[in-house]
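A quick write-up on the structure given underneath.
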Amino acid sequence: MSRPPKLNNDCFALPAGVHWTPVSEALHLLEQRLQCSVAVEPCAVEASDGRILAQSVIAARSHPPCPNSAVDGYALSGGLEAGAQSLELRPGRSAAGEAFAGQLLPGQALRILTGAALPDGADTVVLQEDVRIKEGRLQVIGPLRAGANARAAGEDMQQGAEIFQAGHQLRPEDLGVMAAAGLGEVSVFKPLKVAVISTGAELRAPGQAARVDQIFDANRPMLCSVLRRWGMQVVDMGIVPDDAASVRAALDRAAERADVIITSGGASAGDEDHMSAVLRASGGMALWRIAVKPGRPLALGVWGGVPVFGLPGNPVAAFVCTLIFARPALLQLAGAGFQSPQALHLPAAFSKSKKAGRREYLRARLRDGAVEVFASEGSGRVSGLSWAEGLVELPDAAAEISPGQIICFLPYASFGLT
Ligand code: AMP
Ligand code: MG
C-alpha cells in the first residue's frame with residue numbers, strides 16, 4: 001500500500017462562526033479529516049504483540065486440525081449404552097503427536113492420551129478413572145454419550161474463517177490464537193512515528209538542576225510512555241524554548257522524522273504561546289476551542305504535511321486531552337480506526353454541581369463498587385493523575401450529582417493504559 005498524500009493546510013479548519021465546539025463534534029471532525037498514514041509490512045506472529053493488522057487474518061487450518069481426545073482414557077466408537085459391559089482392548093495407543101495408524105471397530109477400545117488424534121472409527125473417549133482392565137478387556141459401566149470427551153475437528157476455528165479484522169491491535173492472547181490457526185506471519189501497519197515536543201522557557205528535563213522559578217518537564221515522560229503503550233514509536237524531541245525560531249526549527253526536524261507531532265505548552269493565544277503563533281503564521285492551524293474541562297484550546301495544525309496536535313501545557317489538561325482527543329486520532333492515523341473508550345456505568349461516591357455548556361473530566365477511581373473523585377479539581381494538581389485510576393465523564397448539560405447516582409467512569413484501561 002502506498003502512503004496517502006500529505007495533509008492539506010486547511011485540514012483542521014472549523015465551520016465559521018463556531019465559538020465552542022462540543023467534544024462529540026470535535027471527535028467527529030477528527031474522525032472525518034484524518035486517515036491511516038502508515039505503510040504495511042509483514043511481521044512474524046511471535047513478534048506481533050501490539051501491532052495493528054493491515055489485513056484481516058484468515059485461519060490457515062482448522063483448530064483442532066483433527067478430532068482428538070480431551071482427556072487421558074480409552075477411545076471407542078459410538079458411546080455406551082446403560083449398564084456394565086466389556087470391550088476388546090486393542091494393543092498400541094494414540095498419544096499426542098503420535099497417532100494410531102489402525103482402524104477401531106465397534107466393540108473395541110484403544111488407549112488414548114490427552115491431545116492425541118482419535119483413531120479412525122472412534123468418536124468417544126471414556127475417562128481412565130472410569131474403567132478397569134481385566135484379561136485384556138476394558139470393563140466399563142455405561143451410559144456414555146457418543147462424542148463424550150472428544151474434540152471435533154474445527155470446533156474452535158474453521159480453516160478459511162476470518163479470525164481477526166483489519167485494524168485490530170494484537171494482544172498476547174491473539175498471538176496464541178493466530179499460532180493455533182496455523183499462521184506464521186501477518187500483515188501489519190508500520191508503527192506510527194510520533195514526535196513529542198515540550199515547549200516552555202520554564203522547563204527543565206527531569207533530573208537537571210532547576211532554579212526555583214523553573215519547573216520540570218512532566219509532560220514528555222508521561223506522553224512518551226503513553227504513546228509507547230499504544231504501540232507507537234516515539235521520537236523524543238526534547239524541550240524547546242519559547243521563541244518562534246526555535247519552535248519552527250523543532251517542527252521542521254519533527255516533520256522530517258515522524259508521521260505526526262504532539263506538542264505541549266504554548267498552544268493558547270497568549271504573548272508566550274509560540275506554538276500556536278508559529279502554526280498560525282504557517283497558515284496551517286485551527287485553534288479548536290473545545291467545550292471541555294480541563295483543556296483550554298487545542299491547537300491543531302499541519303506542518304510540512306504532517307498533523308500537529310498542540311496540547312495545553314498543564315499536565316492534567318495535556319493528559320486528559322491526550323486520552324480523549326489524541327488517542328482516537330492517533331489510532332486512526334496508525335490504522336486501527338477511530339476508537340471510543342468503553343465506559344462503565346457505576347454509582348458515584350461524590351456530590352457535584354455542574355453548569356451546562358461543556359463536558360468535564362474528573363480524576364477518579366473505583367472503590368467498593370462506587371466511583372470517588374480526587375479532592376481537588378485544580379488542574380495544576382498533577383499528583384491527582386496518579387491517585388486516579390480513570391476519569392469520570394460528566395455530560396455537556398448541567399448536572400447535579402449526588403452519591404449513589406449512576407455516572408460514567410472511564411478506567412485508564414479503557415484508553416489502552418493499565
Ligand atoms: P502553557 O500551556 O504553555 O501556557 O502552560 C500552562 C501551564 O502548564 C504553565 O503553568 C506551564 O508552566 C505548565 N507546563 C507547560 N508545559 C509543561 C510541561 N511540559 N511539564 C509541566 N508543566 C508544564
Ligand atoms: Mg508555556
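Quick grid of which residues meet (1) of a type in the set (Gly, Ala, Ser); (2) more than 16 Å from ligand 1 (Cβ to nearest atom); (3) touching a Phe, Trp or Tyr at 6+ places or on another chain (Cβ under 8 Å):
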site	(1), (2), (3)
Asn149	no, yes, no
Ala152	yes, yes, no
Arg171	no, yes, no
Leu175	no, yes, no
Glu185	no, yes, no
Pro191	no, yes, no
Val196	no, no, no
Leu203	no, no, yes
Cys224	no, no, no
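Return a yes/no flag: does the stretch 364-379 have any residue that is touching an Asp or Glu at 6+ places or on another chain (Cβ under 9 Å), modelled with pLDDT under 95 and of a type outside the set (D, E, K, R).
no
Report, by residue number, each residue of the stretch 80-95 that is without any contact (Cβ under 8 Å) to a residue 24 or more places away in the chain and either more than 20 Å from Arg132 (Cβ to Cβ) or more than 51 Å from the chain's Cα centre (by Cα) (or both).
Arg90, Pro91, Ala95
Conditions (1) within 27 Å of Arg229 (Cα to Cα); (2) under 22 Å from the mean Cα position of the chain (by Cα); (3) outside the structural domain of Leu203 (by TED's automatic domain parsing); (4) open to solvent by 10 Å² or more (accessible area, probe 1.4 Å), marked per residue:
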| site | (1), (2), (3), (4) |
| --- | --- |
| Asp273 | no, no, no, yes |
| Met285 | no, no, no, yes |
| Arg289 | no, no, no, yes |
| Val292 | yes, no, no, yes |
| Val302 | yes, no, no, no |
| Ala348 | no, no, yes, no |
| Ser353 | no, no, yes, yes |
| Gly357 | no, no, yes, yes |
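Scan the stretch 383-394 and tell me whether some residue there is open to solvent by 20 Å² or more (accessible area, probe 1.4 Å), charged (D, E, K, R) and over 25 Å from the mean Cα position of the chain (by Cα).
no
Among residues belonging to the stretch 178-235 that are within 17 Å of the chain's Cα centre (by Cα) and assigned to a helix (DSSP H, G or I), point out the one that is nearest to ligand 2 (Cβ to nearest atom).
Among those that are within 17 Å of the chain's Cα centre (by Cα) and assigned to a helix (DSSP H, G or I), it is Leu223.
Considering each of Ala329, Ala413, Ala356, Ala364 in turn, give the residue that is out of contact with any helix residue (DSSP H, G or I) (no Cβ under 6 Å at 6 or more places or on another chain), assigned to a helix (DSSP H, G or I) and among the hydrophobic types (A, V, I, L, M, F, W, C).
Within the list Ala329, Ala413, Ala356, Ala364, the selection yields Ala413.
Within the stretch 400-407, is even one residue away from ligand 2 (no atom under 16 Å from the Cβ) and either touching a His at 6+ places or on another chain (Cβ under 6 Å) or assigned by TED's automatic domain parsing to the domain that holds Asp273 (or both)?
yes
Rundown of residues vs (1) crowded, with 16+ Cβ neighbours inside 10 Å; (2) over 24 Å from Asp259 (Cα atoms); (3) in contact (Cβ under 8 Å) with a residue 40 or more places away in the chain, yes/no style:
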position: Val177; (1), (2), (3): yes, yes, no
position: Ala181; (1), (2), (3): yes, yes, yes
position: Gly184; (1), (2), (3): no, yes, yes
position: Phe189; (1), (2), (3): yes, no, yes
position: Leu192; (1), (2), (3): yes, no, yes
position: Ala195; (1), (2), (3): yes, no, yes
position: Gly200; (1), (2), (3): yes, no, yes
position: Ala205; (1), (2), (3): no, yes, no
position: Asn219; (1), (2), (3): yes, no, yes
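Would a scan of the stretch 279-293 turn up a residue that is of a type in the set (Val, Ile, Thr), over 25 Å from Glu389 (Cβ atoms) and either modelled with pLDDT under 95 or within 11 Å of ligand 2 (Cβ to nearest atom) (or both)?
no
Sort out which residues of the stretch 226-254 are surrounded by fewer than 20 Cβ atoms within 10 Å (Cβ to Cβ), among the small types (Gly, Ala, Ser) and more than 12 Å from ligand 1 (Cβ to nearest atom), and write them in order of number.
If the condition is that a residue be surrounded by fewer than 20 Cβ atoms within 10 Å (Cβ to Cβ), among the small types (Gly, Ala, Ser) and more than 12 Å from ligand 1 (Cβ to nearest atom), then Ala244, Ala245, Ser246, Ala249 are the ones that fit.
Looking at (1) under 22 Å from Pro328 (Cα atoms); (2) within 11 Å of ligand 1 (Cβ to nearest atom); (3) open to solvent by 10 Å² or more (accessible area, probe 1.4 Å), can you tell me which one Ser264 breaks?
Unmet for Ser264, out of (1) under 22 Å from Pro328 (Cα atoms); (2) within 11 Å of ligand 1 (Cβ to nearest atom); (3) open to solvent by 10 Å² or more (accessible area, probe 1.4 Å): (3).
So, of the residues in the stretch 127-177 that are over 24 Å from the mean Cα position of the chain (by Cα) and basic (Lys, Arg), which turns out to be farthest from His63 (Cα to Cα)?
The qualifying residue farthest from His63 (Cα to Cα) is Lys134.
What are the pairs with Cβ atoms under 7 angstrom where one residue, in the stretch 125-151, is touching a residue at least 60 places away in the same chain (Cβ under 8 Å) and the other, located anywhere, is among the β-branched types (Val, Ile, Thr) and outside any strand (DSSP E or B)? Sequence gap at least six, or different chains.
Close Cβ pairs satisfying both conditions: Asn149/Val71.
The values are calculated or read from the model by the stated rules, or taken from the named source; none is laboratory data. Note that the structure is predicted; figures quoted are calculated from it, not measured. FYI the Cβ positions are ideal-geometry reconstructions off the backbone, even for glycines, and counts take in every protein chain you see. Remember, those area values only see protein heavy atoms, side chains included, never the ligands or the DNA or RNA. Shrake-Rupley method; radii C 1.70, N 1.55, O 1.52, S 1.80 Å.
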